[in-house]
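*Asks:* The structure is given below, and queries will be raised subsequently.
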Amino acid sequence: MPNQYLEQNKQRFLDELFELLRIPSISADSAYHNDTISAATYIKNKLISAGADNVELCHTQGNPIVYGEKIIDPQLPTVLVYGHYDVQPAVPLELWETPPFEPTIRKTAVHPNGAIFARGACDDKGQAYAHVKAFEIMMATNTLPCNVKFMIEGEEEVGSTNLGPFCIANKERLKADVVLISDTSIIANDTPSIDCGLRGLSYVEVEVTGPNRDLHSGVYGGAVANPINILAKMIASMHDENNHITIPGFYDKVLDLTIQERAELNKAPFDIEDYKKDLDIKDVWGETGYTVLERTGIRPTLDCNGIWGGYIGEGAKTVLPSKAFAKISMRLVPNQVSHDITELFQKHFESIAPAGVKVLVKPHHGGEPVVTPIDSHAYLSAEKAMEKTYGKKPIPTRGGGSIPIVALFERELGLKSVLMGFGLDSDALHSPNEHYGLENYYKGIETIPYFFSFFAQK
Ligand code: BES
Ligand code: MN
Ligand code: MN
């Protein structure tokens with residue numbers, strides 16, 4: 001019955017997602033604050049019409065959180081569904097083949113049946129909205145087997161800073177047995193997988209100041225430290241010849257996996273030639289002694305995300321700039337602690353700065369790494385649900401990205417999460433031409449009710 005309902009409502013489910021995708025709910029830019037409210041309101045209304053109770057926009061100092069629930073019997077287990085309706089900025093706009101907030105369907109090599117191109121299509125509107133539609137199906141076909149609570153936030157892409165306090169203030173309301181999240185990837189459409197770990201994050205912005213004003217690079221050049229040259233060298237020095245990070249103490253808390261665990265992780269299908277071809281690179285790069293899957297799954301990183309300063313307009317301007325800037329992210333693994341790593345970075349960055357410059361390190365948001373169990377009833381329910389719809393048992397994997405709130409769910413609400421995602425790494429999340437396979441969207445909607453039914457069978 002649920003599958004028949006899905007079949008009959010496919011087009012409407014797609015039209016509704018398109019409407020949500022047209023709202024530019026970019027959380028990083030406050031100019032879009034009203035759009036975040038529109039996106040939240042859209043989801044709120046759809047939860048109400050699907051039959052959820054106590055649906056509301058919970059206002060925060062930032063963007064609202066959509067909450068809603070259906071308690072069919074307090075004795076039954078409760079699934080807390082988490083997702084986010086906020087999206088990354090769409091710039092650079094000129095690299096989009098069709099405008100980011102005008103969803104269109106195109107075929108691609110990995111999505112021969114078509115994919116929806118729009119910012120947020122995969123991350124995370126398409127995946128979060130699949131839960132709203134799966135709920136509608138279960139309500140309409142009278143098959144909701146347990147209780148469900150929804151918490152769809154609008155600040156995931158900026159570190160979920162207001163969601164943490166909201167969770168702590170609403171512990172009773174958020175009582176549940178598990179958190180179900182679709183905001184990660186599977187290996188391929190014919191190779192389902194479930195992430196059982198996420199990396200944490202430390203994010204800093206640095207400012208290097210040389211002379212008190214921009215100078216003539218001929219008159220002063222050679223005698224005064226150039227903050228851009230210095231900053232580039234400082235950043236480069238943070239990896240050694242083995243691409244190991246040189247910040248003292250950086251690896252102190254890193255949990256090394258056993259040989260068996262590493263062997264298990266490397267069993268996941270991965271073709272390095274396909275990987276290189278997809279990215280148009282001649283070789284991969286990374287820490288000596290680790291495979292690509294390990295480098296992105298179980299090892300920490302340091303990357304410069306942006307660097308600027310000096311003259312970048314047309315033509316040449318001979319200037320020795322006063323300042324240089326960079327944004328740097330560090331992906332963390334168990335048991336590194338975001339705050340501690342930020343401090344280690346700051347101390348190190350200050351210590352390697354030559355006397356000719358002043359440096360300033362501004363910490364941004366962070367998040368802690370997590371590992372989720374693969375032997376829990378909830379994980380096994382997700383495994384069975386995916387096996388049902390993909391015809392194959394999903395492989396446990398480690399996700400390289402971060403969802404900062406997941407560690408807090410465990411710490412503050414005592415809840416483990418199941419990361420049952422349906423996207424692909426190649427769906428261009430955060431990049432121009434982000435997309436989400438039609439098949440992936442519908443497969444999610446089909447799989448979620450199975451999760452509920454397996455999970456309810458304690
Ligand atoms: N959905 C992603 C995280 C993700 C993607 C995990 C793919 C695993 C596989 C999430 O929206 C995201 O982008 N998180 C940010 C964190 C943040 C604090 C900006 C990230 O990982 O950069
Ligand atoms: Mn996401
Ligand atoms: Mn994201």
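The values are calculated or read from the model by the stated rules, or taken from the named source; none is laboratory data. Just so it is clear, the structure is predicted and the values come from calculations on it, not from any experiment. Ideal geometry is used to build each Cβ from the backbone, glycine not excepted, and the neighbour counts take in all protein chains shown. Ligands, DNA and RNA are stripped out before the accessible areas are found, and what is left, the full protein with its side chains, is counted by its heavy atoms. Shrake-Rupley method; radii C 1.70, N 1.55, O 1.52, S 1.80 Å.
*Asks:* Is the stretch 31-72 best put as rounded, prolate or oblate by its Cα gyration tensor, with a ≥ b ≥ c the root eigenvalues, rounded for a/c under 1.5, and otherwise prolate when a/b is larger than b/c, oblate when not?
*Replies:* oblate
*Asks:* Among P165, I194, T288, whose Cα lies farthest out toward the positive end of the dipole of the stretch 151-308, if unit charges sit on the beta carbon of Lys, Arg (+1) and Asp, Glu (-1)?
*Replies:* P165
*Asks:* Calculate the FRET efficiency for N142 and E387 from the Cβ-Cβ distance with a Förster distance of 25 Å, rounded to the nearest 0.05.
*Replies:* Efficiency at R0 = 25 Å is approximately 0.50.
*Asks:* Related question: Any idea what the relative contact order of the stretch 94-163 is, in percent, if you count C-alpha pairs under 8 Å spaced at least 6 apart?
*Replies:* It comes to 16 percent, rounded to a whole number.
*Asks:* Eigenvalues of the Cα gyration tensor times 5, then square-rooted: what semi-axes does that give for the stretch 335-419, in whole angstrom, largest first?
*Replies:* 40, 14, 9
*Asks:* Using only the Cα atoms of the stretch 60-219, build the gyration tensor, take square roots of its eigenvalues as a ≥ b ≥ c, and label the shape rounded, prolate or oblate: rounded if a/c is under 1.5, else prolate if a/b is larger than b/c, else oblate.
*Replies:* Oblate, since a/c reaches 1.5 and b/c is not below a/b.
*Asks:* Next question. May I ask for the distance between the Cα centers of the stretch 322-362 and the stretch 219-233, given as a whole number of Å?
*Replies:* Using only Cα atoms to place each centre, the spacing works out to 20 Å.
*Asks:* Right, another one. In whole Hz, what ³J(HN,Hα) sequence does the stretch 100-117 give by Karplus (6.51, -1.76, 1.60; θ = phi - 60°), x for Gly and Pro?
*Replies:* x, 10, 10, x, 9, 9, 9, 8, 9, 4, 8, 10, x, 8, x, 9, 8, 9
*Asks:* With no solvent and one equal point scatterer per Cα, compute the Debye intensity ratio I(q)/I(0) for the chain at 0.06, 0.10, 0.14 Å⁻¹ and report its log10, rounded to two decimals.
*Replies:* These q points yield log10 I(q)/I(0) values of -0.28, -0.76, -1.40.
*Asks:* Just to be sure I understand the rule: take each whole DSSP H helix in the chain, project its Cα atoms onto its long axis, keep it if the span is 18 Å or more and its mean Kyte-Doolittle hydropathy is at least -1.0. Which ones pass?
*Replies:* Those that pass (Cα extent of 18 Å or more, hydropathy at least -1.0) are 2-21, 33-50, 127-140, 338-352, 377-390, 438-456.
*Asks:* When all protein chains stay in place, what accessible area (Å², nearest 10, 1.4 Å probe) is found for R199?
*Replies:* My reading of the accessible area for R199 is about 20 Å².
*Asks:* So how do E69, E314 rank on accessible area, 1.4 Å probe, biggest first, that is with the largest at the start?
*Replies:* The most accessible residue leads, giving E314, E69.
*Asks:* Next question, about the same structure. In Å², and per residue, what accessible area does the chain have when probed at 1.4 Å with the other protein chains present?
*Replies:* Dividing the accessible area of the chain by its residue count gives 45 Å².
*Asks:* Express in Å², to the nearest 10, the accessible area of K253 obtained by rolling a 1.4 Å probe over the protein heavy atoms while all chains stay in place.
*Replies:* It works out to around 100 Å².
*Asks:* Tell me the relative contact order for the stretch 302-458 as a rounded percent, counting alpha carbon contacts under 8 Å between residues six or more apart.
*Replies:* Result for the stretch 302-458 is 19 percent.
*Asks:* Evaluate the charge dipole of the chain about its Cα centre and quote only its size in Debye, nearest 20, assuming +1 on the Cβ of each Lys and Arg and -1 on the Cβ of each Asp and Glu.
*Replies:* 260 debye
*Asks:* Mind listing the long-range amide H neighbours of C196? Cut-off is under 5 Å, sequence gap 5 or more, other chains count too, H placed in the peptide plane at 1.01 Å from N.
*Replies:* Correct list: T397, R398, G399.
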